[in-house]
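Quick notes on the structure that follows.
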Amino acid sequence: MNANGAALSTDNLCKNFGALRVAIDVNFTLPQGCRHALIGPNGSGKTTLINLIGGALAPTSGKILLDGQDITGLSADQRVLRGLTRTFQINTLFPRLTPIEAVTMVVCQRRGYGASLWRSLKRSHEAIDEAYEVLSQLHLAEDCDRPTAQLAYGRQRLLEIALALAARPKVLLLDEPAAGVPQQQSGEILSVISSLPDDIAVLFIEHDIDLVFRFAERITVLVAGRILCEGTPAEIAANPEVRRIYLGDEVHV
């Protein structure tokens, strides 16, 4: 465990695309077990920051630390092995598989015996049992044998999270986990995220401010690639600069 209690941190993280600066000296800390939201206007750099942390983009300068260890030069796959995971696009990757099949595949990959799974009956039962536990945690047990393509979109988004959890992450990155989901289902998704085990830190982007203030423990506000401020939901809601730039006057905590 990192001595300062940070599951993840960045040190003067920068990303430039030519003359365009999309992340500027980002110093960010995600405490262990925290549910932390990134908010800000469109184009503020939220997804860029998630992509930098997850390894989809390489920074121009600066560092990314996972549990105190420098992971800046690691690939996305190597970061997953270290415990940093983001959601998969399940509706394009595994549409014909059932949830239990898809999650079992991830469990087997993490355990390192995917190619030889069916040679060992014990191994197959252990992997399937673990996959079922993950699906139950995400309220998906009743859908475990249905083809993924037949699931409602909100259930598919939960399955994306289940696949990420099967990798046993220390840090889970979620880019708009409730996007495109009917409003009555989006609260369920954020509620499930909020109730994940305490040893998993979650960093998520969400545009529904009501959901952010209901489920985030801390919030970071990005504007034009820089961190404007960070605090509790009450502190962010009361910040006059955040209200002027992003929230307006309709937010109540």
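Taking Ala234 as the residue in question, decide whether it is without any contact (Cβ under 8 Å) to a residue 60 or more places away in the chain and not basic (Lys, Arg).
yes
What's the total number of residues in the stretch 144-171 that are more than 21 Å from Ser194 (Cβ to Cβ) and touching a Lys or Arg at 6+ places or on another chain (Cβ under 8 Å)?
Result for the stretch 144-171: 3.
Look through Ala56, Ala23 and report the one residue that is touching a Cys at 6+ places or on another chain (Cβ under 6 Å) and either assigned to a strand (DSSP E or B) or modelled with pLDDT under 95 (or both).
So the residue among Ala56, Ala23 that is touching a Cys at 6+ places or on another chain (Cβ under 6 Å) and either assigned to a strand (DSSP E or B) or modelled with pLDDT under 95 (or both) is Ala23.
Anything in the stretch 1-60 that is of a type in the set (Asp, Glu) and either on the phi < 0 side of the Ramachandran plot or under 20 Å from the mean Cα position of the chain (by Cα) (or both)? List them, or say none.
Answer for the stretch 1-60, where residues must be of a type in the set (Asp, Glu) and either on the phi < 0 side of the Ramachandran plot or under 20 Å from the mean Cα position of the chain (by Cα) (or both): just Asp11.
Please verify whether Gly83 is in contact with a Leu (Cβ under 9 Å, 6 or more places away or on another chain) and on the phi > 0 side of the Ramachandran plot, treating the condition exactly as stated.
Yes; evaluated as a whole, the condition is true for this residue.
Out of all the residues in the stretch 166-204, which are modelled with pLDDT of 90 or more, of a type in the set (A, V, I, L, M) and not in a loop (DSSP other than H, G, I, E, B)?
Val171, Leu172, Leu173, Leu174, Ala201, Val202, Leu203, listed by residue number.
Being buried (at least 20 other Cβ atoms within 10 Å of the Cβ), in contact with a helix residue (DSSP H, G or I) (Cβ under 8 Å, 6 or more places away or on another chain), of a type outside the set (Asp, Glu) and not in a helix (DSSP H, G or I) is the filter here; which residues of the stretch 205-238 pass it?
Ile205, Ala216, Ile219, Val221, Leu222, Gly225
Determine which member of the set Leu138, Leu163 is at pLDDT 85 or above and either hydroxyl-bearing (Ser, Thr, Tyr) or within 22 Å of Arg82 (Cα to Cα) (or both).
Leu163
Matching residues to (1) touching a Leu at 6+ places or on another chain (Cβ under 7 Å); (2) assigned by TED's automatic domain parsing to the domain that holds Pro197; (3) closer than 30 Å to Ala237 by Cα; (4) not charged (D, E, K, R):
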site	(1), (2), (3), (4)
Leu38	yes, yes, yes, yes
Ile53	yes, yes, yes, yes
Ala56	no, yes, no, yes
Met105	no, no, no, yes
Gln109	no, no, no, yes
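The values are calculated or read from the model by the stated rules, or taken from the named source; none is laboratory data. These numbers were taken from a predicted model, which means no experiment stands behind them. We place every Cβ from the backbone using ideal geometry, glycine too, and count neighbours over all the protein chains shown.
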